[in-house]
Amino acid sequence: MRQPRAWLELFLTADLGVGTAYKLIKQFGHPENFAEYKSEINQLLTPKTAENLWNKVFLKHGLTIDEILEVIEKQGIRLISILDDDYPEILKKQKNPPIMLFVKGELPLQKSFAIVGTRKLSDYGKSMTQKIAREVAAAGFTIVSGLAMGADSLAHTAAILERTPTIAVLGPSVDKVYPAVNTGLAKKILEKGGGLVSENPPGTIGAAWLFPARNRIIAGLSQGVLITEGERKSGALITYKFGLEQNKNIYAIPGDINRKQASGPNFLISKGAKLVTCGQDILEDYGYLPRTLDDEKKPKKFANERLKKVYTIVSKNSKVSFDNLLMETKYEIGALSALLMELELSGDIKKISGNSYCKT
């Protein structure tokens, strides 16, 4: 990137919004050249904003620009401007795209799909989020979400289980993961060829106003958006609004009308979002044919023999208890629990009453 300091100074100029900064860049190019167009720029800005721009009056930020540049270098963070060749083309199509991105890892966006939802999923919401996210990821789509607890975390995890890259868009900065409880998940995202991205520089801490702006990037990086669960005023529906503005395909999972978490998706379906009950409902819009009967007859493949053994036992019974599985497999409790969770996430088995399991 050319002159990262000039870009940071522009972004941090007090009273200068992203939309206005984007207009200046479109008209005058790289910010290091702005001084050549001072009179023209002054006509486009309020006197106060222009004064802040030329006198380098910055927003209050946790770090100085020198400190930001130091963190970028130490942590291997890439700063990509909207004028750089590696800035995502798909993101430029929105009304006010980020003028720059801070990226850890990679941004594989050849095929990308957003999955978002509430932090407080019902058991049904958890099951459906896991199922559909894995089916979409298995078709080779990069899953884009926001690294929040609940639906976001499940969507990222599903992609990782399918060995498909996933991208986490953060509201705060990428130098410190928010929420901190997802630090381990963020590490796995990077290890599996995905990325962390934010439009905010290192040192930016979590604040409520950051997340609607984050949601526009989630929608902007994706070909379509699925809302799994969420109330009508939830952040997930903000992502839907941005997706709609950007002419993205919008999908929603129907839910129990008596549950608050289902009110958002049910409302979206009534407004024209495509009703989704499985991954194929999404994939067919991108040219993927449904599985055939011959496909269903093919033997299942498992990552290891332990998974295969547990699945075989469960599939041979109408239901089998956790205690019986312990006796038959002779695995440790923790190991068996992990294997059962992986089989649940893959949609091969499901947990039923009495701490028992059955084939899906």
| query | Within the P(r) computed for the chain, what percentage of the Cα pairs occupies the region above 38 Å? | reply | 25
| said: Run lengths n ≥ 4 of DSSP H only: what is the helix-derived mean residue ellipticity at 222 nm for the chain, with -39500 (n - 2.57) per run over all residues, to the nearest 500? | reply: -13000 deg cm²/dmol
| task | Starting from the Cα of residue 301, draw a straight line to each of the lysines and keep only those under 25 Å, dropping any in the same chain fewer than 8 residues away. | result | 111, 126, 131, 188, 192, 309, 316, 319, 330, 350, 351, 359
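Over the residues of the range 308-360, compute the C-alpha Rg and express it relative to 2.2 N^0.38 Å. List each step's numbers first, then the result.
Details: Rg = 9.6 Å, N = 53, 2.2 N^0.38 = 9.9 Å.
It is 0.96.
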| remark: Distribution output for the range 80-219: share of Cα-Cα pairs per 5 Å bin in percent, first bin at 0, values 2, 11, 21, 25, 21, 14, 5, 1, 0
| said: Could you tell me the relative contact order of the range 191-338? Use alpha-carbon pairs under 8 Å, at least six residues apart, and round to a whole percent. | reply: 14
| said: Quick check: net charge around residue 130, other residues with Cβ under 15 Å of its Cβ, Lys/Arg +1 and Asp/Glu -1? | reply: -3
| request: Could you please report the charge total around residue 228, scoring K, R as +1 and D, E as -1 over all other residues with beta-carbon less than 11 angstrom from its beta-carbon? | output: 0
| message | Quick check for me: using +1 on Lys/Arg Cβ and -1 on Asp/Glu Cβ, what's the dipole size of the range 119-195 about its Cα centre, in debye to the nearest 20? | response | 120
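For the range 105-257, what relative contact order do you get, as a whole percent, if you take Cα pairs closer than 8 Å and at least 6 residues apart?
Relative contact order of the range 105-257: 27 percent.
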| field | Rounded tilt (10° steps) of 18-28 against the dominant C-alpha axis of the chain | value | 60
| remark: With Cα springs under 10 Å, the Gaussian network model of the chain assigns the largest mean-square fluctuation among 227, 72, 250 to 72
| the chain, dipole about Cα centre (Lys/Arg Cβ +1, Asp/Glu Cβ -1), debye to the nearest 20 | 980
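Remind me, what semi-axes does the range 196-323 give for its equivalent ellipsoid, largest first in whole Å, using sqrt of 5 times each Cα gyration tensor eigenvalue?
Result for the range 196-323: semi-axes of 35, 21, 18 Å.
Compute the signed sum of charges (Lys and Arg +1, Asp and Glu -1) over the other residues within less than 11 Å, Cβ to Cβ, of residue 242. Walk me through the numbers before you get to the answer.
Numbers: positive: 95, 214, 216, 241, 248; negative: 245.
Combined, the nearby Lys, Arg, Asp and Glu give +4.
Read-outs throughout are calculated quantities, based only on the coordinates presented, and are distinct from any laboratory measurement. Because the structure is a prediction, the values reported are computed rather than measured. Glycine gets a Cβ as well: all are built from the backbone with ideal geometry, and neighbour counts include every protein chain shown.
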